[in-house]
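Q: Sharing a structure here in structure tokens format.
The values are calculated or read from the model by the stated rules, or taken from the named source; none is laboratory data. Small disclaimer: the values here were computed from a predicted structure and weren't measured. Heads up, the Cβs are rebuilt from the backbone with ideal geometry, glycines too, and the neighbour counts pull from every protein chain shown. To get the accessible areas, we keep the full protein, side chains included, count just its heavy atoms, and leave off ligands, DNA and RNA. Shrake-Rupley method; radii C 1.70, N 1.55, O 1.52, S 1.80 Å.
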Amino acid sequence: MTTDDDAAPLDAADAMRLIREQRASTARRLEPDPRVHYWPWGFAWLIGFGVYFLRFSPDGRTLVPMPAWLPLTLLFVLLAAAAAVFGVGSARAYRHVAGESALRGRWYGTAWGLGFFGLSVVIGRVTDSLPHDLAGLLWSALSVGLTAALHMAGGAIWLDRTLFRLGVWLTAVNIVGVIAGPGWHALVVSVAGGGGLLVAGALARRRHG
């Protein structure tokens, strides 16, 4: 056999390795960093619900004195910031995507918007007749529940196990928090819910490469 014949298998192996590397590089460019999907919401929940717990603790206690309007305002601001980061990151990542994937993304995003709009209208009609602590629990529990359900739906649509498992985890966290009662729910969602989102982002990033 000639020297060229001996080198051919090595050249073919190098070519295959180069093809795999190029495919992986292209996938990384086209797919968004998973942390953009998880971490903004994780930090928003961790900080927002954490501050809410410090102001509206169980049994009507206040662990850290602050205006009553501040925790909810801060939570809404953090959630709006997370939505902006998520929206910009997703728009940049998927600007070249078309076809069924783009359509699924638009419909899924519409489901989030309409779902929370409808939820806000319904809850707004009934919370005036509830005590403050139960009204707060109703708002947070239904919001977290809808978020968990949409995560599971997204996982089913894209066959994303991390997304689906996160939805299951958030559902369990929400149930535990509701059973624990007002005040405790915010703490459970802050630590286990926000922390779960951060962990999910880290795990997804590791698989993403």
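Q: Under the condition of being of a type in the set (Val, Ile, Thr) and modelled with pLDDT under 85, which residue from the range 84-122 is farthest from Leu138 (Cα to Cα)?
A: So the first thing to find is which residues in the range 84-122 are of a type in the set (Val, Ile, Thr), and the list is 85, 88, 97, 110, 121-122.
In the following step, the residues that additionally are modelled with pLDDT under 85 were identified as 88, 97.
Numbers: Val88: 30, Val97: 38 Å.
The extreme case among them is Val97.
Q: Now, a different point. Hey, could you check the range 53-92 for residues that are among the charged types (D, E, K, R) and farther than 21 Å from Gly193 by Cβ and say which is least open to solvent (accessible area, probe 1.4 Å)?
A: Filtering the range 53-92 for residues that are among the charged types (D, E, K, R) and farther than 21 Å from Gly193 by Cβ, the one least open to solvent (accessible area, probe 1.4 Å) comes out as Arg61.
Q: Something else: Looking at the range 82-94, I want the residues that are of a type outside the set (A, V, I, L, M) and have a partner that is modelled with pLDDT of 70 or more and not in a helix (DSSP H, G or I) with Cβ atoms under 8 Å, at least 6 apart or on another chain. Which pairs are those?
A: Matching pairs, first to second residue: Gly89/Asp33.
Q: Under 8 Å between Cβ atoms, which residue pairs at least 6 apart in sequence (or on different chains) link something in the range 111-122 that is touching a residue at least 12 places away in the same chain (Cβ under 8 Å) with a partner that is open to solvent by less than 40 Å² (accessible area, probe 1.4 Å) and of a type in the set (S, T, N, Q)?
A: These pairs meet every condition: Phe116/Ser143; Leu119/Ser143.
Q: Do we have Ala180 as open to solvent by less than 10 Å² (accessible area, probe 1.4 Å) and either in contact with a helix residue (DSSP H, G or I) (Cβ under 9 Å, 6 or more places away or on another chain) or of a type outside the set (A, V, I, L, M, F, W, C) (or both) here?
A: For Ala180, the condition - open to solvent by less than 10 Å² (accessible area, probe 1.4 Å) and either in contact with a helix residue (DSSP H, G or I) (Cβ under 9 Å, 6 or more places away or on another chain) or of a type outside the set (A, V, I, L, M, F, W, C) (or both) - is not met.
Q: Also, quick follow-up: Taking the stated definitions as given, is Val36 surrounded by 17 or more Cβ atoms within 10 Å (Cβ to Cβ), touching a helix residue (DSSP H, G or I) at 6+ places or on another chain (Cβ under 7 Å), at pLDDT below 95 and closer than 24 Å to Leu166 by Cα?
A: yes
Q: Out of Phe76, Phe49, which single residue is modelled with pLDDT of 60 or more, of a type outside the set (Asp, Glu), under 16 Å from Gly183 (Cβ atoms) and assigned to a helix (DSSP H, G or I)?
A: Just one listed residue meets the conditions, Phe49.
Q: Filter the range 192-209 for residues that are over 14 Å from the mean Cα position of the chain (by Cα) and either touching a residue at least 12 places away in the same chain (Cβ under 8 Å) or open to solvent by less than 60 Å² (accessible area, probe 1.4 Å) (or both) and give the result.
A: Hits for the range 192-209 are Arg207, His208, Gly209.
Q: Can you pull out every residue in the range 52-69 that is assigned to a helix (DSSP H, G or I) and more than 14 Å from Ala186 (Cβ to Cβ)?
A: Kept after step one, since they are assigned to a helix (DSSP H, G or I), are these residues of the range 52-69: 52-55, 58-60.
If the condition is that a residue be assigned to a helix (DSSP H, G or I) and more than 14 Å from Ala186 (Cβ to Cβ), then no residue fits.
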